[in-house]
Amino acid sequence: MSIAQLIDPVTGADGHTNLASASDWMQGRTLYGGASALVAFTHVLRKFPDLPPLRAAQIGFVAPVGEDVELSAEIVRQGKNVTQVRSTIHCDGNLAFNAFWLFGAEREPNGQNPAKKPENWPGPPDDNPIAMQGKGPSFIQKNFEVRYGQSRDEDHGAAIRRWTRLTDDHQLDPISQLVLMGDVMPPGAMRIIQRMGPISSINWSFNVLEPEPKSQGGWFLSENASQHADRGYSSERLRMWDSEGRQVLDGIQCVAIFG
């Protein structure tokens, strides 16, 4: 089931929406985080179609998001260059998802500092073996192609790096594609946990570094790296690069680790 079918019911009108195709994007009891973020982001874009490009977002995954949702969005402040929008998803009358989206018009740069290419560049996706065949959540098996983005015979600490792309591009605009894909990899802390158990993303904050990302074949290199893990939580840095090694997304996330 395509992502286009998931977001098709989102019209931009606040209120009840039935996500009839949610089952193909579920992760346990809830809609996968990137998919719920895309639903909320799509609602914002369709309610306010004249916004400048997305520059950043602060997202809270509050509770499980299911098929029947209540969507809302409001402009919190609209300045000359920057517009901030709050959006929510309610399920069963309770807040399940909350986000602040920051949109900003482009300005003449006053100084430049390009992001660095990733260390140990893995080479193009086709040069790397397929990963996660028959493994991982069903939404990944149905909707994503995954290839290794780091050597398999070395210790990479608490970091996971993979090439990922949608099995069908679904005609998503490039930024919506980043919103959907930016949270697709498991946390880097999965590399160092001692007992297997459930994991749950609590929040996700990111900056968009390239407002018009273009990547050959729809491939993006995603890396989740634990910066600190203890007492049941991990602080993760989430980054994405295009097929040429240009960083397009930079984020952080708090993950709850059970078991």
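The values are calculated or read from the model by the stated rules, or taken from the named source; none is laboratory data. Just so it is clear, the model here is predicted, and its values are computed rather than measured. Virtual Cβ from ideal backbone geometry, glycine too; neighbours counted across all protein chains shown.
Brief remarks on what is shown
- Qualifying residue in the stretch 165-188 (condition: among the hydrophobic types (A, V, I, L, M, F, W, C) and under 15 Å from A256 (Cβ atoms)): no
- Among the residues listed as D50, D14, D24, the single one being at pLDDT below 95 and acidic (D, E): D24
- For L180: the one exception among (1) assigned to a helix (DSSP H, G or I); (2) touching a Pro at 6+ places or on another chain (Cβ under 8 Å): (2)
- Failed item, numbered, when V65 is tested on (1) touching a residue at least 24 places away in the same chain (Cβ under 8 Å); (2) crowded, with 18+ Cβ neighbours inside 10 Å; (3) outside any loop (DSSP other than H, G, I, E, B): (3)
- Boolean, H16 is over 20 Å from F144 (Cβ atoms), in a strand (DSSP E or B) and outside the structural domain of M181 (by TED's automatic domain parsing): yes
- I193 fulfils the conditions (1) modelled with pLDDT of 90 or more; (2) on the phi < 0 side of the Ramachandran plot; (3) buried (at least 17 other Cβ atoms within 10 Å of the Cβ) except for a single criterion, (1).
- All positions within the stretch 204-259 that are of a type outside the set (G, A, S), within 17 Å of M185 (Cα to Cα) and outside any strand (DSSP E or B): W219, D242
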